[in-house]
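Please read through the structure below; I'll follow up with questions.
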Amino acid sequence: VISLCCSYRPTCFLVIIAVLTEFAMTTGFAETTLGCCGTGLTEVGILCNRFTPICRNVSSYVFYDAVHPTERVYRIATDYIVKNVIPQF
């Protein structure tokens, strides 16, 4: 699925996030709908700060705040893109 959808390169990162979210159990993510920061619903950017509570295990979440992926998602996506998309250029 990823290789087919990533043939249109600008959408590749979004496709990877969608696949990680859809197959959360097989990819090791426990939470795919809420962000790790605050309530997980509305906090974005500067609203997630040192005064805002965060989850205990950030790597089990797809999203850090309401819209931004966690570092683990970025690492998985970057690894895939470097190995499978960039060589096509």
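The values are calculated or read from the model by the stated rules, or taken from the named source; none is laboratory data. Predicted model, so just to flag it, every value in this text is computed and none were measured. Methodologically, a virtual Cβ is constructed for each residue, glycine included, from the backbone with ideal geometry; neighbour enumeration extends over all protein chains shown.
May I ask you to list the residues in segment 72-89 that are over 18 Å from T26 (Cβ atoms) and surrounded by 11 or more Cβ atoms within 10 Å (Cβ to Cβ)?
The answer is Y74, T78, I81, N84, V85.
Every residue in segment 54-70 that is in contact with a helix residue (DSSP H, G or I) (Cβ under 9 Å, 6 or more places away or on another chain), of a type outside the set (G, A, S) and buried (at least 18 other Cβ atoms within 10 Å of the Cβ), please.
Result: Y61, V62, F63, Y64, D65, P69, T70.
Out of G40, G45, I need the residue that is surrounded by fewer than 12 Cβ atoms within 10 Å (Cβ to Cβ), more than 11 Å from the chain's Cα centre (by Cα) and modelled with pLDDT of 75 or more. Which one? Lay out the reasoning, then the answer.
Details: G40 fails: surrounded by fewer than 12 Cβ atoms within 10 Å (Cβ to Cβ).
Result of the check over G40, G45: G45.
Among S60, S7, which is the only one that is among the hydroxyl-bearing types (S, T, Y) and modelled with pLDDT of 85 or more?
When all the criteria are applied, what remains is S60.
Name the pairs whose Cβ atoms lie under 6 Å apart, with the first residue in segment 61-89 and in contact (Cβ under 8 Å) with a residue 24 or more places away in the chain, the second exposed (fewer than 13 other Cβ atoms within 10 Å of the Cβ) and of a type in the set (S, T, Y), and 6 or more positions between them or separate chains?
A66/T42
Against the definition (at negative phi, in contact with a helix residue (DSSP H, G or I) (Cβ under 9 Å, 6 or more places away or on another chain) and modelled with pLDDT of 85 or more), how does T33 come out, yes or no?
Details: at negative phi: yes; in contact with a helix residue (DSSP H, G or I) (Cβ under 9 Å, 6 or more places away or on another chain): yes; modelled with pLDDT of 85 or more: yes.
In short, yes.
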